[in-house]
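Remarks on the structure that follows.
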Amino acid sequence: MRKFGQPGAQLTESRLVMRGKAQMLITVLCARFGEVPAHVRNRITECADSERLDAWGRRAVDARELDAVFG
């Protein structure tokens, strides 16, 4: 297993960060709107754009409905 700071570890670290962002977004959405549908969970967990996950997270703070987060 590669350790952080070693060659190739940056990719692993990036994946872990993305996974953490996705999980946090799902947690926030569950707290705000109840159970998150599978297709929404898939959209979040399959997203490879860190800035997009951040944008969805910011929208989740004020959104009145789940669909508004992704609009």
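Within the assembled protein chains, the solvent-accessible surface assigned to F70 is about 30 Å², based on a 1.4 Å probe.
Fully extending the segment from S14 to T45, taken as 0.36 nm per residue of separation minus the present Cα-Cα distance, adds 9.8 nm.
The values are calculated or read from the model by the stated rules, or taken from the named source; none is laboratory data. Everything numeric here is computed off the predicted structure, so don't read it as measured data. Just the protein is used for accessible areas: all its heavy atoms, side chains included, with ligands, DNA and RNA removed. Shrake-Rupley method; radii C 1.70, N 1.55, O 1.52, S 1.80 Å.
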